[in-house]
Amino acid sequence: MLIQHVGAPVATLADAIAFVLSALLIKGLPGEPKKAARTDVNKTSWSDDISEGLRLIWSTPPLRQAIMIVAIWILLRHVHLALIVIYLSRELALAPWAIGALTSIGGVFSVVTAECMDRISGKWGMGPCLMLGLLLQVLSWVLMALSGELQVKTAVVFLIVLAYVAQGLSLPLIMVNYQSLRQLLAPPAALGRV
């Protein structure tokens with residue numbers, strides 16, 4: 001939306017300024033991060049680190065399954081993200097500001113869901129929440145696919161709004177629970193390798 005009003009160079013400059021501000025805020029955080037103890041201090045090669053991580057993943061079935069599920073989901077999600085902008089702009093002739101507004105709806109629901117994740121995961125558990133997130137993601141894709149079958153543009157936009165709501169709810173359910181599961185199953189020294 002910013003590009004439409006001020007042009008690409010100014011929007012890119014605003015983006016760069018936001019990254020610098022973000023870096024300054026992160027730099028201002030107190031404390032030094034704890035360095036995890038290595039499992040083998042004689043290792044010097046990055047290929048050894050990769051091998052160690054792959055062995056750990058392969059030898060821990062729940063971790064292996066979670067990584068495969070999330071890897072497939074990430075691939076499909078990014079295919080969807082590339083295609084949905086084309087669909088919304090070409091097929092539905094939505095203006096860039098409308099596409100941005102739809103995406104923002106998903107973002108709002110992601111923030112709200114992320115704020116509640118401690119209670120949600122505490123009540124239902126990490127595995128069921130991860131599966132619920134994946135089901136909501138599939139629901140959002142189905143809703144977007146169904147929107148192409150409708151003739152009334154208002155109904156189409158309504159389905160797409162519902163799809164972005166489902167997508168916004170799904171993202172924290174998937175990522176927070178996946179990362180929590182990963183941290184639970186992998187030894188602290190190996191977290192950077194899995």
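Please go through the stretch 4-23 and give me each residue that is assigned to a helix (DSSP H, G or I), free of Cβ contacts under 8 Å to residues at least 60 places away in the same chain and over 24 Å from the mean Cα position of the chain (by Cα), ordered by number.
Within the stretch 4-23, the first condition is being assigned to a helix (DSSP H, G or I), and the residues that meet it are 4-6, 8-23.
From what's left, free of Cβ contacts under 8 Å to residues at least 60 places away in the same chain: 5-6, 8-23.
Listed by number, the residues that qualify are His5, Val6, Ala8, Pro9, Val10, Leu13.
Go through (1) open to solvent by 80 Å² or more (accessible area, probe 1.4 Å); (2) closer than 22 Å to Ile69 by Cα one by one and return the number of the condition Ala163 breaks.
(1)
Could you list, in sequence order, the residues of the stretch 102-140 that are within 23 Å of Ala155 (Cα to Cα), small (Gly, Ala, Ser) and in contact (Cβ under 8 Å) with a residue 12 or more places away in the chain? Reasoning before the result, please.
Filtering the stretch 102-140 for residues within 23 Å of Ala155 (Cα to Cα) gives 102-109, 135-140.
Then keep just the ones that are small (Gly, Ala, Ser); that gives 104, 106-107, 140.
Those that are within 23 Å of Ala155 (Cα to Cα), small (Gly, Ala, Ser) and in contact (Cβ under 8 Å) with a residue 12 or more places away in the chain: Gly106, Gly107, Ser140.
Looking at Leu184, Leu134, can you tell me which residue is modelled with pLDDT under 90, within 22 Å of Ile72 (Cα to Cα) and either open to solvent by 70 Å² or more (accessible area, probe 1.4 Å) or not β-branched (Val, Ile, Thr) (or both)?
Leu184
With the checklist (1) open to solvent by 60 Å² or more (accessible area, probe 1.4 Å); (2) farther than 17 Å from Gln167 by Cα; (3) hydroxyl-bearing (Ser, Thr, Tyr) in hand, flag the one item Ser121 doesn't pass.
The one condition Ser121 does not meet is (1).
Give the stretch 97-115 a look and list any residue that's modelled with pLDDT under 90, of a type outside the set (S, T, N, Q) and open to solvent by 70 Å² or more (accessible area, probe 1.4 Å), or say none.
The answer is Trp97, and nothing else.
Within the stretch 1-46, take every residue that is hydroxyl-bearing (Ser, Thr, Tyr) and modelled with pLDDT under 75 and give me the one that is most open to solvent (accessible area, probe 1.4 Å).
Thr44
The values are calculated or read from the model by the stated rules, or taken from the named source; none is laboratory data. Everything numeric in this text was worked out from a predicted model, so none of it was measured. Please note: Cβ atoms are built from the backbone with ideal geometry, for glycine as well, and neighbour counts cover all protein chains shown. We work out accessible area using only protein heavy atoms, side chains counted, and drop any ligands, DNA or RNA first. Shrake-Rupley method; radii C 1.70, N 1.55, O 1.52, S 1.80 Å.
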